[in-house]
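As structure tokens, the structure follows; a few thoughts come after it.
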Amino acid sequence: MKTNTKILKDNIKFKLNNVRKQFKVFYRSWYGKAGLYILIAFIIVALLAPVLVHGNPFSGIPSEDYFKPVTMEDKKLNFTVESSLNKISATEGEYKTGSYYMFTAGESGKNYGIFAITANDSGSSCLLFKTNGTVTNFMAFAPESTSLQYLTDIFASSNHSLYVYNVLCSSSGSSVKALPVAHISVNGTIVTAMVSTNSPRFGQPSFVTDEVMAATSTVDSCPYGSYTYAVVENNTGMYLNEYYTYNLHELWSHKLSLTGSPHIYFIGNNFITPNSPEVIVTGGKNIDAWNVTGALLFNNSYSFNIGQLAIPAEYQYFDLKPGYQDAFMSSGNSLYILNLINGTRTFIYTASHTIAAIGVSRGSHGFPSDLIISSGNYYYALAKSKTGNVQVTGESKLPFGVNNIEYYHSGKFLLSNTTTGQMIYLINAFQKYPYSWNSNLKASVGNPIMFEEPYSFKIDNVTYGSGPTIALLSGNNIIMYSFEGNPVSLGPTFHTVSGLILPLGTNIAHDNVFALFIDSFPPDLEVGFAAGIMTILISLVVAMFIGYYSGMVSSFMETLALSIFLIPTLPLYIVLASVLGPSLINLIFIFSLLGWPFVTFSLIGIVRSVKTRTFVESAKVSNIKTLSIMKRHFVPNMGTLLVYLTAINIGGAVAAVSSFEILGLVSVSIPTWGGMLSSFLGDFYSITVYPYATIPPIVALTLFILAFIFISRGIDEVANPTLGGRK
Amino acid sequence: MNVYLISRKILQAVFLALFVVVILYVLLRLMPGNPAELYIRNLKHPTKAAINSVYKMYGINPNNKFALSSFIVYLKQMLTFHFGYNPAELSQSIYSMIATALPYTLIIFGVASIGSFAFGIPLGIVTAFIRGKRSEGPTLVTATILNSIPFFVMAIIVYIVFAVYYPIFPLAASHYRLGPFLKSPSFSGFLVLIHYFTMPILTLLIIEIMGHLITMRSIMVSVLGEDFIQTAKAKGVSQSSIMFHHAARNAMVPESTRMALEFALLMSGAVITGIIFEIPGMGVLLYENILIENYPVIEACLFILALVVIVAYSSIDFIHAWLDPRVRV
């Protein structure tokens, strides 16, 4: 006699053999095969989803990828820009009646000189004044205490000459002309020159004698003066000369002891204390600082080459008071604080690569609140801690090497690479996606200048004008951007600024569509399978109960099933889902609660027909428990039909659940196929604009339901074999 | 058909309606809060007395949601169709809201169901006609694919094809133009109706016609395997006569059973295409009121929709009895 375990093993082997034979029949049919393969593909993608896609798909993509700049002007100038200078200059006081004047150096025909460009008509320009030879530097500055409003002064230097002109813009902003103020030739070559932009606020220093004042030109535009500095080189060495700007009368000339090419910086406008303001010249390893009277303040030589010096803009007004005496100096990889009174330097920070640019905020409260340095491919935000030492408080990768940083306000900087023409706007150095728009001009550009006054303009009936405008020269074109930027949806692209790969682009909410899509596979598959199987189990139990027992109770249950079936389920789903809350488990629960009648009806027929067969009657007579009758006689006869109905049910469950998702009733933090389509609910037109965001979920849904229908047709072959096939 | 059959059917329909009422009552009371909350939320001075009177007006006992007294009130409301007033806008009676919205959904539901079997069944017969030929495979596959697309996906596809790429139909339904038709039917109003309703009806039609095609075909194929078809062929009856007179008449019986089961699905489809295409029918009514949790309106809407489906389902039984004289009860 066989033992119990052997019977069990034989039983299982027999059943497995049966299943294998049925699978072979199933596999023969084209439908079954296709459905099975599609289903396997879905399951594989769902299992691989954590590997294919990292992180939360709703975290969005970096803003620099989808924020684009708004270009207001890109005009070719009608003169050739002085390429070695490649800069524009303008002052804040330029904004008049909707027109900015900008100034740049160039040549037209045989005329070298300074040209004026108006922003609203940037293609045309006019030559303000000619210089003797190419311009080596120029600045526009607004004179103080002037009664006439439409005035700018332009300072220019060529190889041997200095020029100061007075620029008059007409009140309507339509024409501009320059009147000469002063012009000298120097003895030697001018290496670099600049003007201290503001006139002294509290009266003239004593060395400005009446004689000097009398020698001022007859243009009665500015009773006070400012100071012009030039580093002049002749065969005896390099000298720093100071001139009174409005007649270019040389006030003093001192020899410099520099070891490299010079840069001039000026600080302090108030002339209150004897030692402020000062002019600083750096070159090589040396730094010299002079007072405007010509007294040497300090003269230091360091062990390293001095790079850039960055002075916060508001320090100009504080007379080098304590707290407002420090500038930031970069040299190689290191950043130092330079005390401007005595020239001592304090080391703050060493970066991993050469510091290419320093950007500081205005510093109206002492130590600047925002300080950014760019080094290699990273920027570092530095701040002073409570203990007084300066440390890094934020850093992030830069999309390109940055060699120029301009400060706007509130911690916003414009980072640019003037050689490659790339720019990016940093809005908050401490957040995860710190950037806003970016632009790539793919040509070398001049330093961008920013106009604080909003320059209002309209593009496509949208008015921009709440932010500053940036103007820069690129080749011979003047380009102006609004700072505001525009979020756009990206198509499938493999080149984004942050280096992300977006095989399916972004949707309206700027999420990575590919990540959303792949991450939707697990939840949708889980919901489909769980809902379908739970429904089948409930239906099985109820169907067997109804079919086996006849009489009042079972007909009551049948009517109940019919009435649940006849309530239009989708509205009821929506009501219950919105009441019970948007979670997937609730949805599975609701679907099972309301979806069982359909399968039950199919099963009742089978149960009733099996019940009429003799072996059931004989089992009943032999007093076998009802439960084991059901288990042993009914279930095996319904086996394939159950699988068939399960397949159809799972497809139906996914369809119903995705209808909720598109109506927005599922929690939005779970990625699902219907959720990807929910943003199009009121606005199907946008589907044609973003097809890459909508076609994947539609195709996935259809294929998934299709796979189950094909599988069920394959199982159909097994469940209802017809002689000679289905023909 | 005799009186006994009709009365039995009516009794069954009444029982179904009663069951639906009870189920809706239970399911909707299972939720947190109660229907009067919307009204109470909008009260300016929620004093105890005011709140109590609101509860009394709604017939709700806030302490015991399933209380018999509130059930009786609810039952009375549902069965006499006096649903009360819209808590969000007290001048509107719920009955009038449903009365203005229901015809649109009924149009979609009715045209879709009649059209689907008016077109689907002949197509199914014809598909059975071409069994064994090469064109059968692709036809069946296309039909299966189109049948398995969910309603809203098909709605999106129809919208893109017919309203965006080949703009025949409008991008959004205009309530203003739709309104006057039902009050004063006219031919031009009818044209406007066609203009706006074609897209939702089309989405339902495509899916349902394919469903009818597939099931009709499979039933036909099994009927064609029966003996009497063999006899008819031997007798020399023409092929088309066999198809339409002999096989189809017999195949219609199980097909009508399937049709009855499809009505619930069709009604959900009509509701959801109504929501997607913004037709001012029950779909939009239901959706908007669900979003603001306006339970009296929701209960009434669901009840009316269920009633429509019960009526359709019961009427199919009559058709079934007419088609198959063997069916008695």
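Quick notes on this structure:
- Index of the failed condition, A:Thr646 passing every other in (1) of a type outside the set (Lys, Arg); (2) part of a helix (DSSP H, G or I); (3) modelled with pLDDT under 85: (3)
- Conditions (1) in contact with a strand residue (DSSP E or B) (Cβ under 7 Å, 6 or more places away or on another chain); (2) buried (at least 19 other Cβ atoms within 10 Å of the Cβ): number failed by A:Ile518: (1)
- Restricting attention to region A:679-703 and to residues that are more than 10 Å from chain B (Cβ to nearest Cβ) and within 30 Å of A:Leu593 (Cβ to Cβ), the residue that is surrounded by the fewest Cβ atoms within 10 Å (Cβ to Cβ) turns out to be A:Ser679.
- Single residue of B:Ile114, B:Ile94 found to be crowded, with 20+ Cβ neighbours inside 10 Å and modelled with pLDDT of 80 or more: B:Ile94
- Residue check: B:Leu191 meets all listed conditions (1) more than 16 Å from B:Thr127 (Cα to Cα); (2) not in a helix (DSSP H, G or I) but one, namely (2).
- Filtering A:Ser678, A:Ser712, A:Ser618, A:Ser659 for residues that are within 25 Å of A:Lys15 (Cα to Cα), in contact (Cβ under 8 Å) with a residue 12 or more places away in the chain and outside any loop (DSSP other than H, G, I, E, B) leaves a single hit, A:Ser712.
- Breaking point among (1) surrounded by 16 or more Cβ atoms within 10 Å (Cβ to Cβ); (2) within 29 Å of A:Ile38 (Cα to Cα), for A:Val635: (1)
- Scope region A:543-569; condition part of a helix (DSSP H, G or I) and at the interface with chain B (Cβ under 7 Å from one of its Cβ atoms); matching residues: A:Thr559, A:Leu560, A:Leu562, A:Ser563, A:Ile564, A:Phe565, A:Leu566, A:Thr569
- Out of A:Ile574, A:Ile588, sole residue that is in a helix (DSSP H, G or I), modelled with pLDDT under 80 and within 28 Å of B:Val21 (Cβ to Cβ): A:Ile574
- Enumeration of residues in region B:127-149 that are of a type in the set (Ser, Thr, Tyr) and more than 31 Å from the chain's Cα centre (by Cα): B:Ser135
- Considering residues of region B:269-288 that are surrounded by fewer than 24 Cβ atoms within 10 Å (Cβ to Cβ) and in contact with a helix residue (DSSP H, G or I) (Cβ under 8 Å, 6 or more places away or on another chain) only, the residue farthest from the other protein chains (Cβ to nearest Cβ): B:Pro280
- Near pairs, Cβ below 8 angstrom, 6+ apart or cross-chain, from region A:313-324 (closer than 17 Å to A:Ile358 by Cβ) to any residue that is part of a loop (DSSP other than H, G, I, E, B) and hydroxyl-bearing (Ser, Thr, Tyr): A:Glu314/A:Tyr324; A:Glu314/A:Ser364; A:Tyr315/A:Tyr324
Listed here are the residues, each with its yes/no results for (1) among the basic types (Lys, Arg); (2) over 30 Å from A:His495 (Cβ atoms); (3) out of contact with any helix residue (DSSP H, G or I) (no Cβ under 8 Å at 6 or more places or on another chain).
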position: A:Ala46; (1), (2), (3): no, no, no
position: A:Thr71; (1), (2), (3): no, no, yes
position: A:Ser84; (1), (2), (3): no, yes, yes
position: A:Thr91; (1), (2), (3): no, yes, yes
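- The set of residues in region B:119-141 being without any contact (Cβ under 8 Å) to a residue 12 or more places away in the chain and closer than 20 Å to A:Thr702 by Cβ consists of B:Gly137, B:Pro138, B:Val141.
- Flag if B:Val141 is assigned by TED's automatic domain parsing to the domain that holds B:Leu305, out of contact with any helix residue (DSSP H, G or I) (no Cβ under 8 Å at 6 or more places or on another chain), in a helix (DSSP H, G or I) and within 26 Å of A:Ser679 (Cα to Cα): no
- Residues (within 12 Å of chain A (Cβ to nearest Cβ) and part of a helix (DSSP H, G or I)) located in region B:122-137: B:Ala128, B:Glu136, B:Gly137
- Selection status of B:Pro280, farther than 26 Å from A:Ile709 by Cβ, in a loop (DSSP other than H, G, I, E, B), out of contact with any strand residue (DSSP E or B) (no Cβ under 7 Å at 6 or more places or on another chain) and not acidic (Asp, Glu): yes
Residue-by-condition table, conditions (1) touching a Pro at 6+ places or on another chain (Cβ under 6 Å); (2) among the hydrophobic types (A, V, I, L, M, F, W, C); (3) closer than 30 Å to A:Asn166 by Cα; (4) touching a residue at least 12 places away in the same chain (Cβ under 8 Å):
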{"residue": "A:Ile12", "(1), (2), (3), (4)": "no, yes, no, no"}
{"residue": "A:Arg20", "(1), (2), (3), (4)": "no, no, no, no"}
{"residue": "A:Val25", "(1), (2), (3), (4)": "no, yes, no, yes"}
{"residue": "A:Phe42", "(1), (2), (3), (4)": "no, yes, no, yes"}
{"residue": "A:Val51", "(1), (2), (3), (4)": "no, yes, no, no"}
{"residue": "A:Pro62", "(1), (2), (3), (4)": "no, no, no, yes"}
{"residue": "A:Glu73", "(1), (2), (3), (4)": "no, no, yes, yes"}
{"residue": "A:Leu77", "(1), (2), (3), (4)": "no, yes, yes, yes"}
{"residue": "A:Thr91", "(1), (2), (3), (4)": "no, no, yes, yes"}
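- Each residue in region A:298-330 was checked for being surrounded by 18 or more Cβ atoms within 10 Å (Cβ to Cβ), in a strand (DSSP E or B) and over 31 Å from the mean Cα position of the chain (by Cα), and 2 pass.
- When A:Ser628 is tested against the conditions (1) surrounded by fewer than 19 Cβ atoms within 10 Å (Cβ to Cβ); (2) within 29 Å of A:Leu576 (Cα to Cα); (3) small (Gly, Ala, Ser), the lone failure is (2).
- If only residues of region A:659-678 that are polar (S, T, N, Q) and modelled with pLDDT under 85 are counted, the one that is farthest from A:Pro597 (Cα to Cα) is A:Ser669.
- Matching residues, region A:20-34, being aromatic (Phe, Trp, Tyr) and surrounded by fewer than 18 Cβ atoms within 10 Å (Cβ to Cβ): A:Phe23, A:Tyr27, A:Trp30
- Residue match in region A:623-641 (condition: under 22 Å from B:Asn147 (Cα atoms) and either out of contact with any helix residue (DSSP H, G or I) (no Cβ under 8 Å at 6 or more places or on another chain) or in contact (Cβ under 8 Å) with a residue 40 or more places away in the chain (or both)): yes
The values are calculated or read from the model by the stated rules, or taken from the named source; none is laboratory data. None of these values were measured; they are calculated from a predicted model. Cβ coordinates were reconstructed from backbone atoms using ideal geometry, including for glycine residues, and neighbour counts include every protein chain displayed.
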